[in-house]
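For reference, the structure is listed below as structure tokens.
Taken together, the values in this text are just the output of simple stated rules run on the coordinates, not laboratory data. Quick caveat, the model's predicted, so the values are computed rather than measured. A quick note on method: Cβ atoms are made from the backbone with ideal geometry, for glycine too, and the neighbour counts reach across all protein chains shown.
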Amino acid sequence: MSGKLKISVITPSYNQGEFIGRTMESILGQQGDFELEHIVIDGGSTDSTREVLAEYQANDFERLKVVCEPDRGQSDAINKGMRLATGDIVCWINSDDLLLPGALERVSEEFASDEALHWLYGKVIIVDEHDREIRKFVTTYKNRRMRRFSFSRLLQENWLPQMGVFWRRELGERIGPLREELHYSMDYDLWLRFAKEAPGHFVDQTLAGFRWHGSSKTSQNFSAQMQESYQLARMHSDGKYSASLLLHRALALRTKAVYKLLRLWGR
């Protein structure tokens, strides 16, 4: 493959003025032998988000595209970004999450070295409001699970951290957009659709940071997320993989118990 790969990073945004500046820095500060396109879709923030976006856009208008208009939620915003994306490689990073230094350089190297590679994923840490790493035991568990990819293992549990997944735009166009009726597990649905097309490729590097804070969707609604994920696993199993589905239910119960304990402990 000749020429530099272009990576499109999509950021859905709504009232994350406290964090979005750090998110922008982590993306626009990436360096390496690739082109970068950052697309921010803001659904009408009423906090300081628009001021932050305007400042970055004034300084980096060539790589940064900002769309500010009402949307139907996170999935709609991401789908808008996907339709605007012109890169060879696509990902999305939420407006409170982070890319770690060297992430896009490693991603571009992996895709450039293997034209048959459809999608990949890497390790992700969990950080708090102050960018300090937390919940290392959760990260250790997911890192162990993700080293060996198979469709049946993915049906057991969503161990793929969304901000650490990257795919060729042609794969995304072939698979189709995010399902907007899903509220919590639209990423899991997309990974399962990807997995039916091609196995995911594991990259042994920490690529991103997931921010856990009191107002994050995951921290507030983990029970509903677990239920939605199980229904997706059932649907994508096509009446097969009964053992994986049984294990999915058991692992979901364990995960909910752990989350409840962490909430009680304020962690």
- Total charge dipole magnitude, the chain, about the Cα centre, Cβ charges on Lys, Arg, Asp, Glu only, Debye to nearest 20: 1600 debye
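Rounded, prolate or oblate for the stretch 155-206? Axes are the square roots of the Cα gyration tensor eigenvalues, ordered a ≥ b ≥ c, and the cut-off for rounded is a/c under 1.5.
On the way: a/c = 1.62, a/b = 1.17, b/c = 1.38.
Oblate.
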- J(HN,Hα) series, the stretch 21-29, from Karplus relation 6.51 cos²θ - 1.76 cosθ + 1.60, nearest Hz, glycine and proline x: x, 5, 4, 4, 4, 5, 8, 5, x
- Task: Pull up all non-local amide H partners of C68: gap of 5 or more, or a different chain, and H-to-H distance under 5 Å with H placed in the peptide plane.
- Result: D42
- Task: In nm, give the distance between the simple-model label positions of L246 and L28, each being 7 Å from the Cα along the Cα-to-Cβ direction.
- Result: 5.4 nm
- Task: Can you figure out the FRET efficiency of Q227 with C68, using R₀ = 45 Å and their beta-carbon distance, to the nearest 0.05?
- Result: 0.85
- Task: Rounded to whole Hz and in sequence order, give me ³J(HN,Hα) for the stretch 175-191 from the Karplus expression 6.51 cos²θ - 1.76 cosθ + 1.60, θ = phi - 60°, writing x for Gly and Pro.
- Result: 6, x, x, 5, 7, 6, 6, 7, 9, 10, 10, 5, 5, 4, 4, 5, 5
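Relative contact order for the chain using alpha-carbon pairs under 8 Å, separation at least 6, rounded to a whole percent? Write down the numbers at each step before the final one.
Working: 453 pairs, mean separation 56.4, N = 267.
Result for the chain is 21 percent.
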- Amide H to amide H under 5 Å from I10: which residues, 5+ apart in sequence or cross-chain, H placed 1.01 Å off N in plane? I39, C91, W92, I93
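Given axes a ≥ b ≥ c from the Cα gyration tensor, I'd like to know whether the stretch 112-168 is rounded (a/c under 1.5), prolate (a/b larger than b/c) or oblate.
Numbers: a/c = 2.70, a/b = 1.48, b/c = 1.83.
Since a/c reaches 1.5 but b/c is at least a/b, the shape of the stretch 112-168 is classed as oblate.
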- With the dipole of the stretch 6-264 defined by +1 on each Lys or Arg Cβ and -1 on each Asp or Glu Cβ, the option from I41, S75, N143 whose Cα lies farthest towards the positive pole is N143
- What residue among S244, F194, A224 has its Cα farthest toward the positive end of the dipole of the stretch 6-264, where the charges are +1 on Lys, Arg and -1 on Asp, Glu, each on the Cβ? S244
- Query: Using the count of nearby Cβ atoms within 10 Å as a rough guide to exposure, how do E157, E25, E18 rank from fewest to most?
  - Reply: E25, E18, E157
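Between R132 and L253, what FRET efficiency comes out of the Förster formula 1/(1 + (r/R0)^6) with R0 = 22 Å and r the beta carbon distance, rounded to 0.05? Mind showing how you got there, number by number?
Values: r = 30 Å, r/R0 = 1.34.
Efficiency for this residue pair is about 0.15.
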- For C68, C91, order by how many other beta-carbon atoms lie within 10 Å, fewest first: C68, C91
- Message: Neighbour counts of other C-beta atoms within 10 Å: give me S242, S150 arranged from fewest to most.
- Response: S242, S150
- Overall form of the stretch 46-189 per C-alpha gyration tensor (a/c, 1.5; a/b vs b/c): rounded
- Query: Total Lys pairs in the chain closer than 16 Å by alpha-carbon, pairs eight or more apart in sequence or interchain only?
  - Reply: 8
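What's the magnitude of the charge dipole for the stretch 63-138 around its Cα centre, counting Lys and Arg as +1 and Asp and Glu as -1 at the beta-carbon? Answer in Debye, nearest 20.
140 debye
Restricting to Cα pairs below 8 Å that are 6+ residues apart, what does the relative contact order work out to for the stretch 1-66? Please round to a whole percent. Mind dumping the intermediate values first?
Values: 89 pairs, mean separation 27.3, N = 66.
The value is 41 percent.
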- Simple spin-label model, 7 Å along Cα-to-Cβ: E35 to E109 in nm? 2.3 nm
- Query: Which one of I27, L261, Q205 is farthest out on the positive end of the charge dipole of the stretch 6-264, using unit charges on Cβ (Lys, Arg +1; Asp, Glu -1) and the Cα centre as origin?
  - Reply: L261
